[in-house]
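The values are calculated or read from the model by the stated rules, or taken from the named source; none is laboratory data. Nothing here was measured: the structure is a model prediction, and the numbers come from that model. Here the Cβ is made from the backbone with ideal geometry for all residues, glycine too, and neighbour counts use every protein chain on show.
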Amino acid sequence: MGPLIAFQYRNDRFRARAGVIVLDFSKQEYPVRLESTGIYIFDGSEAVAQVEIEENHFWNGFYQSNDLFQLDFSYEVLDNLSCRIGFESTFNKDKYYPYRSMINGFTIDDEPVIQPLNNFKMSNTYSAFSVGVEYVIGFGKYKIDKR
């Protein structure tokens, strides 16, 4: 939940809304964790394969918020019952990654030099489309002057 600033347009049956919402992720209770695991395969005294897995979780203790752009359209098909289409997305991609998993090493078929085998980063970007039906509980009516 967060504050929303939006512009809304409506006429007899059509509604459109565009706005920005600030989502605060600073209160998440995920632990900060750095784990490292190493697997080594030896042939006698020589290492013939090596895999190191490093996993980072960076939620707790960091202020995180995303500015989310929202756009939706609805068309009233019956009294207070509408069909709705929406889109929402973050504005930019931060360089901050709340989760990262990195795998380094070499296998029997590779040169015995440590190299990245996989580097996964979870970014803070978000985009979604939505389609649905909504029912508006009206506590008053607005009037359109049809001159």
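Odds and ends about this structure:
- Residues considered: Ser74, Ser89. Of these, the only one that is in a strand (DSSP E or B), in contact with a Lys or Arg (Cβ under 8 Å, 6 or more places away or on another chain) and either surrounded by 12 or more Cβ atoms within 10 Å (Cβ to Cβ) or at pLDDT below 80 (or both) is Ser74.
- Odd one out for Asn66, checked against (1) exposed (fewer than 13 other Cβ atoms within 10 Å of the Cβ); (2) at pLDDT below 85: (1)
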